[in-house]
Amino acid sequence: MKISQSRLDRGFEKYQQEYEDKAIEVLRSGWYVLGREVETFEKEFAEYTGAKYCRGVANGLDALWIAFRVLGIGKGDEVLVQGNTYIASVMGITINGATPVFIEPDEYDLIDADKLEAAITEKTKAILVVHLYGQASNMDKIMEIAKKYGLKVVEDCAQSHGAMFDGKMTGTFGDIGCFSFYPSKNLGAFGDGGAIITDDPDLAEEVRVVRNYGSEKRYYNRVIGANSRLDEMQAGLLRVKLTHLQELTAEREKIATRYLEGIKNKLITLPEIRPGATHVWHQFVVHSKYRDELKQYLEECEIGTIIHYPIPPHLQVAYRYLGHRDGEFPITERYAKEVLSLPVFNGMTYDEQDYVIEKINQFTL
Ligand SMILES: *Cc1c(COP(=O)(O)O)cnc(C)c1O
């Protein structure tokens, strides 16, 4: 049996007719960028998350840098972020000229809230919380520290659509929540897309201005903005998917539960969920000291896996100028050598899940 790490075609086929009907509707509407579909999606997504406002943008990276821009965070400012995140989180900070300060992850692969205070300086302006792999971060502790030091909080929810902490949606704890709708994300579009959510009307308005050339009124430009618009086709298709997001998430949870109950191998450590948090299983990430051997073995069994992520941001060539060195963040660097994401996707069959479990249980050195 051949199993890819992800199969977006299966997710499409689940609601194929609805997507195709919506695509034709948008094509025939004669309006393709920032229109009725985007406005309606913004309302519906705000309602889904419990935020007051949502503004569509072109992608998740834009959501992040525009968030820091409208919060006035840039040159000379420091932003705390977990060391083992995707590069986009860090670029969201540095595009505006701010400096990322890396924090080691905890046993849930998320920012270790106990290590935040020691990293705070005069220059610290914000915490970027990444709900990595789909699990909500330790939000009560993080918000407590943010309040104590007067820091802004931006949440990177690119992997955590629908994940909650103490019954509250990720993205609604801080000042701004940033989402990506890249096709492989839990709420994935059929092209690029992104959004920010906030309860602050001024921030929401500023995002609306920045995303469209800094224009409040057509052809009047108050600030130098971006071209970062969500298009009607993506917004329309996202509206269709949003009506099914709960069942799509439940399906991922079911796969994860079967893995958690079925995988029994001393060479592999399974993911855990923090009390109070929920996990929407954007990725099912195991740790193993023998990760490379495991990956190679699963390849031989025709089971696809991915490493999220093999090189931590502080060791990337792009961030050499920050002056970090090998060994500076031992937990982050160890995780990069240990993590492996197993296949999880909507439309994955029981047979496929069983095959993955069986093969992993047979893995030996
Ligand atoms: C995907 C992702 C992003 C960026 O989203 P794009 O839409 O690809 O720009 C940011 N942060 C995290 C954690 C992501 O997984």
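Is it the case that some residue within region 190-204 is farther than 23 Å from ARG239 by Cα, open to solvent by 10 Å² or more (accessible area, probe 1.4 Å), assigned to a loop (DSSP other than H, G, I, E, B) and touching a residue at least 40 places away in the same chain (Cβ under 8 Å)? Yes - at least one qualifying residue is present in region 190-204.
Return the only residue of ARG274, ARG258 being outside any helix (DSSP H, G or I) and charged (D, E, K, R). Write out each step before concluding.
Numbers: ARG258 fails: outside any helix (DSSP H, G or I).
The match here is ARG274.
Whenever a residue of region 304-331 is touching a residue at least 24 places away in the same chain (Cβ under 8 Å), it has no partner that is assigned to a helix (DSSP H, G or I) and of a type in the set (Asp, Glu) lying with C-beta atoms less than 6 angstrom away and at least six residues away or across chains. Scanning region 60-71 for residues that are under 16 Å from the mean Cα position of the chain (by Cα), of a type in the set (A, V, I, L, M) and open to solvent by 10 Å² or more (accessible area, probe 1.4 Å) yields a single hit, LEU61.
If a residue must be more than 13 Å from the ligand (Cβ to nearest atom), among the aromatic types (Phe, Trp, Tyr) and outside any strand (DSSP E or B), how many such residues does region 159-189 contain?
Quick first cut of region 159-189, residues more than 13 Å from the ligand (Cβ to nearest atom) only: 162, 164-169, 172-176.
When the remaining residues are screened for being among the aromatic types (Phe, Trp, Tyr), the result is 165, 173.
Add one more test, that the residue is outside any strand (DSSP E or B), and what stays is 173.
Going through region 159-189 one residue at a time, the tally reaches 1.
Taken over region 159-183, residues that are open to solvent by 30 Å² or more (accessible area, probe 1.4 Å), more than 15 Å from the chain's Cα centre (by Cα) and closer than 21 Å to ILE273 by Cα amount to 4.
May I ask you to verify whether GLU333 is over 30 Å from ILE111 (Cα atoms) and in a helix (DSSP H, G or I)? Lay out the reasoning, then the answer.
On the way: over 30 Å from ILE111 (Cα atoms): no; in a helix (DSSP H, G or I): yes.
So GLU333 does not fit the description; no.
Within region 136-158, does at least one residue satisfy the condition of being polar (S, T, N, Q) and either within 11 Å of the chain's Cα centre (by Cα) or outside any loop (DSSP other than H, G, I, E, B) (or both)? No, every residue in region 136-158 fails to be polar (S, T, N, Q) and either within 11 Å of the chain's Cα centre (by Cα) or outside any loop (DSSP other than H, G, I, E, B) (or both). With the requirement that a residue be open to solvent by 60 Å² or more (accessible area, probe 1.4 Å) and under 19 Å from VAL81 (Cβ atoms), what does region 284-314 give you? Matches in region 284-314: PRO310, ILE311. Of the residues that make up region 285-307, is at least one outside any helix (DSSP H, G or I), closer than 28 Å to MET164 by Cα and in contact with a His (Cβ under 9 Å, 6 or more places away or on another chain)? Yes, that holds for at least one residue. Within region 349-358, not a single residue is in contact with a strand residue (DSSP E or B) (Cβ under 6 Å, 6 or more places away or on another chain) and part of a loop (DSSP other than H, G, I, E, B). Being acidic (Asp, Glu) and in contact with a Leu (Cβ under 8 Å, 6 or more places away or on another chain) is the requirement here; does GLU44 meet it? Yes, satisfied. If we scan region 233-255, do we find a residue that is of a type in the set (A, V, I, L, M), in a strand (DSSP E or B) and either within 15 Å of the ligand (Cβ to nearest atom) or open to solvent by 10 Å² or more (accessible area, probe 1.4 Å) (or both)? So far as region 233-255 goes, no, none of its residues is of a type in the set (A, V, I, L, M), in a strand (DSSP E or B) and either within 15 Å of the ligand (Cβ to nearest atom) or open to solvent by 10 Å² or more (accessible area, probe 1.4 Å) (or both). Note on region 30-59: among residues that are farther than 15 Å from ARG208 by Cβ and in contact with a Lys or Arg (Cβ under 8 Å, 6 or more places away or on another chain), the one that is least open to solvent (accessible area, probe 1.4 Å) is GLU37.
Here ASP106 meets the list (1) in contact (Cβ under 8 Å) with a residue 40 or more places away in the chain; (2) open to solvent by less than 30 Å² (accessible area, probe 1.4 Å); (3) at negative phi; (4) of a type outside the set (Ser, Thr, Tyr) almost entirely, failing just condition (1).
The values are calculated or read from the model by the stated rules, or taken from the named source; none is laboratory data. Only a predicted model underlies this, so the values are computations on that prediction, with no experimental measurement involved. Please note: Cβ atoms are built from the backbone with ideal geometry, for glycine as well, and neighbour counts cover all protein chains shown. Side chains are part of the model used for accessible areas, which takes the heavy atoms of the whole protein and leaves out ligands, DNA and RNA. Shrake-Rupley method; radii C 1.70, N 1.55, O 1.52, S 1.80 Å.
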